1. Calculate the FRET efficiency for ALA223 and THR297 from the Cβ-Cβ distance with a Förster distance of 41 Å, rounded to the nearest 0.05.
2. Specify which residue in the list ALA150, LEU224, HIS262 is farthest towards the positive end of the charge dipole of the chain, using unit charges on the beta carbon of Lys, Arg (+1) and Asp, Glu (-1), about the Cα centre.
3. Take the alpha-carbon centre of region 97-148, take the same for region 179-251, and report the distance between them in whole Å.
4. Among the lysines, select those whose C-alpha is under 17 Å from the C-alpha of LYS243, and discard any that sit fewer than 8 residues away in the same chain.
5. Rounded to the nearest 10 degrees, what's the angle between the helix 197-207 long axis and the longest principal axis of the chain, both from Cα atoms, 0 to 90?
6. Using amide H atoms built 1.01 Å from N in the peptide plane, name the residues 5+ places from ASN288, or on other chains, whose amide H lies under 5 Å from its own.
7. Tell me, what ³J(HN,Hα) does each residue in region 253-258 have, in order and in whole Hz, if you take phi through Karplus 6.51 cos²θ - 1.76 cosθ + 1.60 with θ = phi - 60° and put x for Gly and Pro?
8. So for the chain, taking the charge dipole from beta-carbon charges (+1 Lys/Arg, -1 Asp/Glu), which of SER317, VAL137, SER234 sits furthest toward the positive end?
Amino acid sequence: MNEQGRDSESGCQSKPDLFDNCDITTSINMDGDPRLVTALSLDDTVERPSDTSEIVQLDPEGDATLIINGSGYSKRYLVCSRVLSLASPVFSKLFGPNFKEGQQTRRGDCPCISLEEDDSEAMGLILGILHYKCAQVPFALDPTALATVAIHVDKYDCNEALRPWAAHWCSNSEDITAPQDLGFMLLAAYMFRSSSFTKITATAVKQLAPGFASAWGGHEALALLPEAVTAALSDQIADELKKLHEELQCAEGRLRHQVSYHTMSGIVCITCGRDLPDEARQCRRCNNTRLYSKACTSDLRVAHYFGILGRCGLWPSVEPFATKPLSDIAFRFQCAQKDHRHLCGARGHCPLIHELEVLCHRAQGVLDSIKGISFEEIGVN
Ligand SMILES: [Zn+2]
Ligand SMILES: [Zn+2]
């Protein structure tokens, strides 16, 4: 079928020249290997873009048109095959002499190439950067968009050309605390081999719950993170949680060995253990008159310590230390320090008050000393 025949069949009177050769669909797999699925006539299987769809002239004198069909809508880009070939070995192969696209480009036929699986937004951004259209490139990308761009940069192996942008985007991770967003940032930093990777992993160690890896394994994008990364993160989270758990137990040990005695307000019935006001002379519940002044002793401090931990969700300790992120545990230690129900004559010098301060301080020290994971540690060059 000649070109004219196709024109009349499509019923399009004013088809742009760009689509005169729109007869190729190309699939590029995740390894960046271009596979010519088949060369089909436009009237067969390749969906012809509507004439109203936007065409972005990244190079007004471009020699190929890319149609990006992913993420729900289609967008067309007039591109320079040489620029793309210089930036990406994948495009270099596609536009080389062994592929039909390359042969058509070399003949000046301006092929129309449909990239079916790619995300329109991400590819638009990447193609724009590769054609020096940087005025429209955002200085910040949300984690999901950044991860999508990183996946496509990795697919087309054009990391080097986007290195300055990638470094900038990945450096904006300070405010990110939501687990899934941290996952997207990690994925982007990993794909880009960004120098921010270690810093982002340090944040992830503090913010992720121990079971994060199983949730990510079922996520389409996050599952792309290599097991070496998630395993190293899981190990570090477990190690640091163990340190905090040991701090909690050590504080109890120190409290048991501190034998100081301090007065407390209030009296207690030694029969039923009920707290009574200072002026009480008899426990009305059991008619007992043997009432003793309350005292801050080692045993009472240990009892109050576990009472405070319980109110902050840290006792019993097995569940929180197996399921909560480090940042959450450290916050609970802060809450424990602010629990003011224990009041004795020693006031701020009471061993219990002191130990709660020490616990909080040491927990912060554990968090501050988290270094994150380097590419060397997980065997990535
Ligand atoms: Zn009583
Ligand atoms: Zn006390």
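Taken together, the values in this text are just the output of simple stated rules run on the coordinates, not laboratory data. All values reported here derive from a predicted model rather than from experimental measurement. Cβ placement follows ideal geometry from the backbone for every residue including glycine, while neighbour counts extend to all protein chains displayed.
1. Efficiency for this residue pair is about 0.15.
2. Looking along the dipole axis, the top candidate is HIS262.
3. Here the answer is 32 Å between Cα centres.
4. Here the lysines satisfying the reach criterion relative to LYS243 are LYS206, LYS324, LYS371.
5. On a 0 to 90 degree scale, this one is about 40.
6. Under 5 Å from the amide H of ASN288: CYS283.
7. In residue order, the calculated couplings are x, 5, 4, 5, 8, 8 Hz.
8. Working it through, the farthest residue towards the positive pole turns out to be SER317.
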